[in-house]
Amino acid sequence: MKVKVSVYKADDGSYWCHTEKDVYGAGLNGQGNSVAEAKQDLYACLEEAKEDYVCQGKTANPVEFEYVYDLQSFFEYFSVFNVTEVARRAGINPTLMRQYTSGVKKAGEKTYAKLSACISNIKKDMMTASF
C-alpha cells in the first residue's frame, strides 16, 4: 500500500511528517529537529501501529511511503542540492529562493510548479548518469 506523507517545517523550527490517510487503523505522525529525525519517528510510529494491528488478528500488508515536502524540508533533507543552482535552473530569482527556503517568504503555486518540474528534470538527468 502506498501512503503519501506530508513533510514540513513547523513554526517552532521542528520538522513533522504525517500520513494523509490511516495506516493500520491509525493516522501516523513523526517529529524531530531534522527531517531525518522526523522520518525516524514516523517509522517508529508505524511499527507501533503495526504491532497493535497484528495483535488484533489482522494482516499487516507492507506500506510504502511517498514523501511530499515543503521547500524548507526539501532543502534541509536534500542538502546536496545547491539552492542557488536549483533556483537558476527553475528560472527563479536566487535571492527570493533563499527567502523561501529559510521561511522568510512563502512560495506560491506557480513557484512550486516550476520547482517540481526542475527537480523532475534533475531526477531524469541523474537516473541516466554514470561514471
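Between TYR67 and residues 5 or more places away or on another chain, which pairs have amide H atoms under 5 Å apart, with H built 1.01 Å from N, and which residues are they?
Answer set, sorted by chain and number: VAL5.
If you stretched the chain out fully between ASN29 and SER130, how much longer would it get, using 0.36 nm times the residue separation minus the C-alpha to C-alpha distance?
In short, 32.7 nm is gained.
Residue by residue through the range 16-26, which ³J(HN,Hα) values in whole Hz follow from phi under the Karplus form 6.51 cos²θ - 1.76 cosθ + 1.60 (θ = phi - 60°), with glycine and proline marked x?
Running phi through 6.51 cos²θ - 1.76 cosθ + 1.60 with θ = phi - 60° gives 10, 10, 9, 6, 7, 8, 5, 10, 6, x, 9 Hz.
Simple spin-label model, 7 Å along Cα-to-Cβ: ALA36 to SER79 in nm?
0.8 nm
Please state the charge dipole magnitude for the range 58-110, taken about the Cα centre, from unit charges on C-beta atoms (+1 on K and R, -1 on D and E), reported in debye and rounded to the nearest 20.
That gives the range 58-110 a dipole magnitude of about 240 debye.
Using Cα pairs under 8 angstrom and six or more residues apart, how large is the relative contact order of the chain, in percent?
Once divided by the residue count of the chain, the mean separation gives 20 percent.
Collect residues whose amide H, placed 1.01 Å from N in the peptide plane, falls under 5 Å from the amide H of SER34; neighbours closer than 5 in sequence don't count.
It is TYR15, by chain and number.
Along the positive direction of the dipole of the range 1-71 (beta-carbon charges: Lys, Arg +1; Asp, Glu -1; about the Cα centre), which of TYR24, SER6, LEU71 reaches farthest?
TYR24
With a point put 7 Å past each Cα toward its Cβ, work out how far SER14 is from VAL68 in nm, to one decimal.
Using points 7 Å along Cα→Cβ, the separation is 2.3 nm.
Restricting to DSSP H runs of at least four residues, report the calculated mean residue ellipticity at 222 nm for the chain, -39500 (n - 2.57) per run over all residues, nearest 500 deg cm²/dmol.
-15500 deg cm²/dmol
Just to check, using Stokes-Einstein with a Kirkwood Rh over alpha carbon pairs, what's the diffusion coefficient of the range 4-92 at 10 °C and 1.306 mPa s in µm²/s?
112 µm²/s
Hey, can you find the accessible area per residue of the chain for me, probe 1.4 Å, expressed in square angstrom?
In whole numbers, the chain has 65 Å² accessible per residue.
Which net charge results when you count Lys and Arg as +1 and Asp and Glu as -1 among the other residues whose beta-carbon is under 9 Å from that of LYS4?
Combined, the nearby Lys, Arg, Asp and Glu give 0.
Among LYS50, LYS110, LYS39, which one shows the highest mean-square fluctuation when the chain is modelled as a Gaussian network with alpha-carbon springs under 10 Å?
Maximum among the listed residues: LYS110.
When the accessible area of the chain is split by element with a 1.4 Å probe, what percent falls to carbon and sulfur?
In the chain, the share of accessible area belonging to carbon and sulfur is 50 percent.
Quick one: which of LYS9/LYS58; LYS50/LYS105; LYS2/LYS110; LYS50/LYS106 span more than 29 angstrom between C-alpha atoms?
The answer is LYS9/LYS58; LYS50/LYS105; LYS50/LYS106.
Farthest toward the dipole's positive end in the chain, which of SER102, THR128, THR59, given Cβ charges of +1 (Lys, Arg) and -1 (Asp, Glu) about the Cα centre?
THR128
Please get the size of the charge dipole for the range 1-115, origin at its Cα centre, with Cβ charges of +1 on Lys and Arg and -1 on Asp and Glu, quoted in debye to the nearest 20.
Approximately 740 debye in magnitude.
The values are calculated or read from the model by the stated rules, or taken from the named source; none is laboratory data. Keep in mind the model is a prediction, meaning the values are calculated, not measured. Using ideal geometry, Cβ is built from the backbone for each residue, glycine included, and neighbour counts are taken over all protein chains shown. Just the protein is used for accessible areas: all its heavy atoms, side chains included, with ligands, DNA and RNA removed. Shrake-Rupley method; radii C 1.70, N 1.55, O 1.52, S 1.80 Å.
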